[in-house]
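Undergrad: The following block contains the structure, expressed as structure tokens.
Values quoted throughout were computed directly from the atomic coordinates according to the rules given, and no laboratory measurement underlies them. Since the model is a prediction, treat every value here as computed from it, not as a measurement. We place every Cβ from the backbone using ideal geometry, glycine too, and count neighbours over all the protein chains shown.
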Amino acid sequence: TFTAKQILLSGSTIDDILDTNSTDDENTKLLKGLQFSSLCRMDDKDAIQRASKLFKSIPVEYFNGSDVDININADFLSTVYICHLSNDDNESDWEMMYNYYK
């Protein structure tokens, strides 16, 4: 879509957006989070695939309440949940999230 192309116009990729580093200020983190969220909401194929890949990389122990490192920046986590669950029919993922939040 036109908007997705505008988000990625500057030569950035999904990887660039999801790559946060310690030198990113709060505005940069916010911008990257908004870019990723917007791409997912616009059904950008690459963003949806990346969100699903990230979701599937989360260890099951995390959803069982263990304090494990999930290697997903907190600025992207809710978008990963929403985007993956909105575009995947895997009932076990839905059950896992339901149990996590109940």
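Undergrad: Given the -39500 (n - 2.57) contribution per DSSP H run of 4+ residues, what per-residue ellipticity at 222 nm results for the chain, rounded to the nearest 500 deg cm²/dmol?
TA: Numbers: 7 runs with 69 residues, N = 102.
Rounded to the nearest 500, it is -20000 deg cm²/dmol.
Undergrad: For C40, C83, what's the fewest-to-most ordering of other Cβ within 10 Å of each Cβ?
TA: C40, C83
Undergrad: Tell me, V60, V68 in order of fewest to most beta-carbon neighbours within 10 Å?
TA: Fewest to most other Cβ atoms nearby, the residues stand as V60, V68.
Undergrad: Under 14 Å from the Cβ of N99, count the other residues' Cβ atoms, weight Lys and Arg +1, Asp and Glu -1, and hand me the total.
TA: Numbers: positive: K102; negative: E61, E91, D93, E95.
Taking every other residue near N99 into account, the sum is -3.
Undergrad: Net charge within 12 Å of L8 by Cβ-Cβ distance, Lys/Arg positive one each and Asp/Glu negative one each, not counting L8 itself?
TA: Value of the local net charge: -3.
Undergrad: Return T3, T23 ranked ascending by Cβ neighbour count within 10 Å, so the fewest neighbours appear first.
TA: By the 10 Å Cβ count, ascending, the order reads T23, T3.
Undergrad: Then there is this: Scan (i) 13, 35, 30, 17, 4; (ii) 13, 39, 24, 16, 7, 0; (iii) 14, 46, 31, 9, 0 for the value of P(r) over Cα pairs in 10 Å bins from 0, in percent calculated from this model and give just the label.
TA: Calculated P(r) over Cα pairs in 10 Å bins from 0, in percent: the matching label is (iii).
Undergrad: Can you tell me the length gained on complete extension of the stretch E61 to L77, counting 0.36 nm per residue apart and subtracting the Cα distance?
TA: The E61-L77 span can extend by a further 4.2 nm.
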